[in-house]
Amino acid sequence: MLSLPKEVTIIEVGPRDGLQNEKNFVPTEVKLQFIKKLSSAGIEEMELTSFVSPKWVPQMQDATEIVKSNPDILRKIVLAPNRKGVDRALETGCQAIAVFVGVSNSFNKRNINKSTRESLEELKPVIAELKKKNIFVRACISTAFYCPFEGKISESDTISLCNEFVTAGVDELSVADTIGMANPLESFSLFSALKEQLPNVLLNAHFHDTRKMALANIYAALQAGVNRFDTSAGGLGGCPFAPGATGNVATEDVVYMLERMGINTGIDLDKLVEAIDIVSPVLSRKIESGFYQLSKKKV
Ligand code: HMG
Ligand code: MG
């Protein structure tokens, strides 16, 4: 008998991961409407934007204005790679901050211009300060399975980095298959080990869908006890510094699969489609998710 949760929490990453790699600047007003509609669809936790260098990621240059939009949801998450990003986030009153580090040094260097160890050492005291201020802290662990430069990442290296972040005090880990290369056995293995070894942290799986294995990986992670998934409306996304990375798994495809399995997500699929309709006209890419495509064929 399969052991599956009755409810799953979807953490929508579309406004951040979904848009950061979009080559045309998405007007701030469109981003704000997108966020508002996503929240009306029942999304309760969302990555709104990131406080990164506007030279490195110009799409996120309007982070301050985006945060001021203040949608009425439980957790408004912003990303910050370093102390400067965290300070900028705090100035705007953010209450949930995600730091991010790659298990792979080569990736981290290209993404944040520091080794994994340098990032970790910079972030440890920052995390302690955030916890003193009662800020919710999430750590996004990139290249948890494979790296575009180093290939296969050992499970023990990923677990040990996760462990260091938990010891540093984070509330949540978002463990990512950055370039969509993991297979369901690897997903089950890593997430089972993390559940067993780090039982007191919120554990999210973050799958990119480069090779169309994300739904299978989510199904495997569910069986490992994971009940929190990062997904992106329309399947948008990808890290600009991870060659070969394409979109995140589409929120609507995940919600559809889970609801059909009798697992409650609390998300309204029609409103999700309306949210994608807001952003899709200004994007350079077509929305390819199965659920969205079918929704457009309805008469
Ligand atoms: P750097 O050039 O090494 O920075 O970039 P620096 O410390 O040498 O400073 C250079 C200039 O940048 C200075 O300004 C700093 O003040 C400024 P200047 O004196 O020249 O005027 N600066 C900043 N400005 C705004 N916000 C900041 C910031 N920090 C320094 N936070 C840096 C280092 C980390 C800033 C850069 O590499 C960067 O912004 N990287 C972000 C890359 C990124 O956003 N990647 C995508 C997100 S991660 C992801 O998508 C993966 C994930 O989805 C999980 C998965 O799928 O794997 C989470
Ligand atoms: Mg990502």
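Which value, in debye to the nearest 20, gives the size of the charge dipole of segment 141-260 about its Cα centre, when Lys and Arg are +1 and Asp and Glu are -1 at the Cβ?
Rounded to the nearest 20 debye, it is 240 debye.
Order the peptides 67-80, 246-259, 5-18 from the highest to the lowest mean number of other Cβ atoms within 10 Å of their residues.
The packing order, highest mean first, is 246-259, 5-18, 67-80.
Using a Förster distance of 25 angstrom, determine the FRET efficiency expected from the C-beta separation of Lys152 and Leu198, and round it to 0.05.
0.70
Output ³J(HN,Hα) for segment 229-240: one whole-Hz value per residue in order, computed from phi by the Karplus curve 6.51 cos²θ - 1.76 cosθ + 1.60 with θ = phi - 60°, and x for Gly and Pro.
With the stated coefficients, segment 229-240 comes to 10, 7, 9, 10, 4, x, x, 6, x, x, 8, x Hz.
Give Lys68/Lys212; Lys23/Lys76; Lys76/Lys212 a once-over and call out the pairs whose C-alpha atoms are over 26 Å from each other.
Violating the 26 Å Cα-Cα cut-off are Lys68/Lys212; Lys76/Lys212.
Any idea how far the Cα center of segment 1-78 sits from the one of segment 156-195, in Å?
The distance from the Cα centre of segment 1-78 to that of segment 156-195 comes to 22 Å.
Find, among the trypsin sites (Lys or Arg not before Pro) in segment 200-280, those assigned to loop by DSSP (not H, G, I, E, B) with at most 13 other beta-carbon atoms within 10 angstrom.
Passing both the DSSP loop test and the Cβ count: Lys212.
Glu259 to Asp87: extension gain in nm, 0.36 nm per residue of separation minus the Cα-Cα distance?
58.0 nm
Quick one: divide the alpha-carbon radius of gyration of segment 125-227 by 2.2 N^0.38 Å and tell me what you get.
Against the compact-globule rule of thumb, the ratio is 1.06.
Can you list the lysines whose alpha carbon sits under 17 Å from that of Lys296, skipping same-chain ones fewer than 8 residues off?
Lys271, Lys286
Just to check, using Stokes-Einstein with a Kirkwood Rh over alpha carbon pairs, what's the diffusion coefficient of the chain at 37 °C and 0.692 mPa s in µm²/s?
After rounding, the answer is 174 µm²/s.
Given the C-alpha centroids of segment 243-299 and segment 122-145, what is the distance between them in whole angstrom?
30 Å
At 7 Å along the Cα-to-beta-carbon direction for both Ser160 and Asn70, put a label point, then send me their distance in nm to one decimal.
Distance between the two pseudo-spin positions: 4.5 nm.
Values in this text are rule-based calculations from the coordinates and carry no lab data. Please read all numbers here as calculations on a predicted model, not as lab measurements. Cβ sites come from the backbone with ideal geometry, for glycine too, and all protein chains shown count toward neighbours.
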